[in-house]
1. Between Glu91, Glu79, Glu181, which gets the highest mean-square fluctuation from a Gaussian network model of the chain, Cα cutoff 10 Å?
2. Angle check, please: helix 244-253 long axis (alpha carbons) against the longest principal axis of the chain (alpha carbons), in degrees 0 to 90, nearest 10.
3. Pairing the Cα long axis of helix 6-18 with the longest principal axis of the chain, what angle in degrees results, from 0 to 90 and rounded to the nearest 10?
4. If you find the alpha carbon centre of the stretch 1-69 and of the stretch 187-260, how far apart are they in angstrom?
5. Taking the highest mean first, how do the peptides 261-271, 201-211 order by number of other beta carbon atoms within 10 angstrom per residue?
6. Hey, can you find the accessible area per residue of the chain for me, probe 1.4 Å, expressed in square angstrom?
7. Counting only protein heavy atoms, what percent of the accessible surface of the chain is carbon or sulfur at a 1.4 Å probe?
8. Amide H neighbours of Thr61 under 5 Å, counting only residues 5+ apart in sequence or on other chains, H built in-plane at 1.01 Å?
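The values are calculated or read from the model by the stated rules, or taken from the named source; none is laboratory data. For clarity, every value in this text was computed on a predicted model and none was experimentally measured. Cβ: placed from backbone, ideal geometry, glycine included. Neighbour counts: every protein chain shown. All accessible areas refer to the heavy atoms of the entire protein, side chains included, with ligands and DNA or RNA removed. Shrake-Rupley method; radii C 1.70, N 1.55, O 1.52, S 1.80 Å.
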Amino acid sequence: MRLPDFEAWAIFAKVVEMGSFGRAASDLGLSKGTVSKAVGRLEVRLGARLLHRTSRKLALTEAGQAARDDATRILAEGEAAEARASAAASEPRGLVRLAAPMTFGVMHVAPLLPEFLSQHPAVSVHLHLSDAVIDLVGGGFDIGLRIGALPDSSLRARRLCAIRRSLVAAPAYLDRHGRPEHPDDLARHACLGYAYLPTPDRWRFTDAAGTEAVVVPSGPMRANNAEALAPALRAGLGLALQPDFMVWDDLEAGRLERVLPNWSPPPIALHLVMPPGEPRPARVTALITFLTQTLAAARWANVQQPSAALV
């Protein structure tokens, strides 16, 4: 079964409306030859001549008069369908699937979504939280938030902000066990481990002179979720490497203290990643814009490591 030649029907309707192949071609942005061939193609399909052609004017044949109303309706309905689709594409509407790290998503993404959803009541968000690296394309996600170094991939990435990481501990722990002055001193301390660090079995630090120190941490607890370490940290069970977005409030309240302030781990950043391809639906673009503006303005964002750490 052959599909109807909608383009030829629409061009025929435009020729009838304009009364000329040349004016129809100009209005449609096509060549006069393309317009003439489309009408001829339609006549072959219908098995009847639609127009009497003379050097001065066009006249509808009997078959053309019968086809004119159908052609006009096809053109009008096509233009209306495109207008409706264009309006829908320009208005944020529908579902956006967003993937984010577990703790970061709970603490800093989920609290933002009510504001976004109130601004865009026709949009809904499916928030998927996991500390594992999610396959955005295979999982059907529109947007992902990732912290740390990005592997090479076909995904498109936008850097939102720098994130400072620090070695932290409760003052009570440091009062009991002493405050380390050099990374080597950590061999005598309880180190709480996070399994999804780039090198969980090696902690790397750099000082102001660019000197690097590598530590093999050991301690009573290791977890695959950074938030799970927070109670142990506050209870004074050890030290841990934590990003500022995790410990900012605890540091301000004095529940935790930065350790080795003159030594810094490698810097990390928050990235927004997207599957390749354009254009993006308005609902996705709206959430990308919202997250870019709000997360980059967070009080823990873009707080720089000591300059020597930015190597």
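1. Glu79
2. Roughly 50 degrees between the two axes.
3. Its long axis makes an angle of about 60 degrees.
4. If you average the Cα positions of each part, the centres end up 75 Å apart.
5. Packing order, densest peptide first, comes out as 261-271, 201-211.
6. Numbers: 16340 Å² over 311 residues.
Spelled out: the 1.4 Å probe surface of the chain, per residue, equals 53 Å².
7. Values: 8690 of 16340 Å².
Here carbon and sulfur together make up 53 percent of the probe-accessible area.
8. For Thr61, the qualifying residues are Leu51, His52.
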